[in-house]
Amino acid sequence: MLTLIRTELYKIARRPRSYIGFAAILLIVGIIEFALYIDGASYIDFIFQQLEGFLSIEGNVLNGYLVCFIILQTLIIQMPLLVALITGDLISGEAANGTLRLLLTRPVSRSELVFAKFTAGSFYVLILLLLLGVLSLSGSLLLFGEGDLIILKSETINVLKGSDVLWRFYGAFVIAFLSLSVVSSFSLMLSCFTDNSIGPIIITMAVIVIFTIIGSFDLPLFDHIKPFLFTSYMIVWRNMFDQPIDWGLMGTSIAILVIHIVLFLSISLYYFNRKDIHS
Amino acid sequence: MIFGISILMNKATGQKAENLVQMIQTDFKKIERYTADINISFEIPYINIDPVKGKVYFKQPNLFKVKTEGIAFMPKQNPFYFMELLNDPSSYLCIDSGSETNPGSIIRIIQLVPKEHEELILAKIWVDATRRRIVKSSLTTKSNGTVEIQYLYDEKPGSKLPELMVFGIEVGKFKIPKMMSADLNSRSKNSGAPSQSTHGKIRLKFTNYRLNQSFDEKVFYK
């Protein structure tokens, strides 16, 4: 099994497409950090202009933790797209290239192959998140220094002590990993259904965009739909920065994310084990 | 005893408002500058923030700066803004607006109307006439609206600087677009207009006053 996973990782590493995600993260984090370093004060003024009439803010607002948080909330919505780009054709790409049949002539079960591909995809997600974490957290702290973290919600503001922030970021990255694993298992499932390399990637992206748009509207009709959209639970990492943390909501959301991963993987296994392999 | 209290009341309420204000100003001017440690707690409807420690700097006539160890939301209004006005008795009208009785003290209500001031519209002060100190002020300025400040003192006789200042502020409702806050899962709590006003309080607790000791005045201009 380990050899199989290593082979899958090697395949991912060989594809130039795999590096688009790393390049995108490097570029976006770099641009955001540079822009905030040059003109962050205007950005902060713009955000807090509603308070200007009554309150002034003392202290270092634009610090490394806030910059990291801004980067995360910008990128974590986009990161599923970078993940789908790789995990969306892990199986269908083999079928499209005509290598799937050959691959299955080796003494490995189809289930092992699906698990190996999912594990390799998860490892890719982990490396992507580690890069994001190192660049956004360490880079921002280096450039902007430490301080208390201001979290903007649509109708409230939370201020967290600098000493109480780091562990929340670690928790947020763990939840982000789970969320992106839902995306990778979903796109892997779609990848089992087709022999077309690009289809599962496009469908995954479309589903995430549509679900996210529905999730962002305050329409009562959508309120009934939102609990059934996995994207509603993918942004629960932000709740790590609530004061106090609603552990009930966190636990439920994490459980739902895990259930989705298991469900998508089970469907993948069920379908792929019965699939007629033509190419 | 009742006779004694009534004499005290007559003496306290009998003072002319202008004289009382000038006596307070004279006492206050003896403190050229001070620094103090400060603990700030917040009770602002939509802001969740723990108490913050810091240091406060004051210099006559009205320079006031709070430096905090972390992030803090402070009222825009300088609590000593009107003290500069009192330096020149001809620059304001002093209106006696009556008195209130508190256990052990008589509180005189005095309105100060600047004749010409670029910012201050009206200062209303509640003065403990017996101890000659301000216990409450309500400052109305052109740019920051009205801010109410309560001043609580320790029991030491002659204590002229407050142990606690409580700012009462009117804050507009806070609302930013969901896409900007990326707070996609939340629901609006009500459909009220974003400008709906709510009341908040900021408490400044002072300790370790250091009177008339020099400090770097750059702190006021950073």
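What the table shows:
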item: Per-residue [θ]222 nm for chain A (sum of -39500 (n - 2.57) over DSSP H runs n ≥ 4, rounded to 500); result: -22500 deg cm²/dmol
item: Lysines with Cα under 18 Å of A:Lys11, excluding same-chain neighbours fewer than 8 positions away; result: A:Lys117
item: Taking B:Val113, A:Val29 and counting other C-beta atoms within 10 Å, the order from fewest to most; result: B:Val113, A:Val29
item: Order of B:Trp126, A:Trp237, A:Trp247 - criterion: other Cβ atoms within 10 Å of each residue's Cβ, fewest first; result: A:Trp247, B:Trp126, A:Trp237
item: Potential lengthening between A:Ser138 and A:Ile202 on full extension [0.36 nm per residue; Cα-Cα distance subtracted]; result: 19.7 nm
item: Chain lengthening between A:Phe123 and A:Ile31 when straightened (0.36 nm per residue, less Cα-Cα); result: 30.5 nm
item: Extension gain from B:Lys67 to B:Phe220, taking 0.36 nm per residue of separation minus the Cα-Cα distance; result: 54.1 nm
item: Kirkwood Rh in Å, taken over chain A so that all alpha-carbon pairs contribute; result: 20.3 Å
item: Loop trypsin sites (Lys or Arg not before Pro), region B:95-141, which have at most 10 other Cβ atoms in a 10 Å radius of their Cβ (DSSP); result: B:Lys115
item: Estimated distance in nm for a label pair at A:Asp164 and A:Tyr19, the labels positioned 7 Å out from Cα along Cα-to-Cβ; result: 4.4 nm
item: Å³ per residue enclosed by the Cα convex hull of the protein assembly as shown; result: 174 Å³
item: Spin-label pair B:Leu93/B:Leu152, simplified geometry with 7 Å Cα→Cβ offset, distance in nm; result: 3.6 nm
item: Relative exposure of B:Glu18, A:Glu94, B:Glu116, judged by other C-beta atoms within 10 Å (fewest first); result: B:Glu116, B:Glu18, A:Glu94
item: Cα centroid separation - region B:119-146 against region B:202-222, whole Å; result: 21 Å
item: From phi via Karplus (6.51, -1.76, 1.60), per-residue ³J(HN,Hα) for region A:261-267 in Hz, x at Gly/Pro; result: 4, 4, 4, 5, 5, 5, 4
item: Two-site label geometry, B:Asn208 and B:Thr101: point separation in nm, points 7 Å out along Cα→Cβ; result: 4.3 nm
item: For region B:97-104, 3J(HN,Hα) per residue [Karplus equation, 6.51 cos²θ - 1.76 cosθ + 1.60, θ = phi - 60°, Hz, x = Gly/Pro]; result: 10, x, 8, 10, 9, 10, x, x
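Coordinate-derived values only; no laboratory data. Worth saying up front: this structure is predicted, and the values here are computed from it rather than measured. Cβ coordinates were reconstructed from backbone atoms using ideal geometry, including for glycine residues, and neighbour counts include every protein chain displayed.
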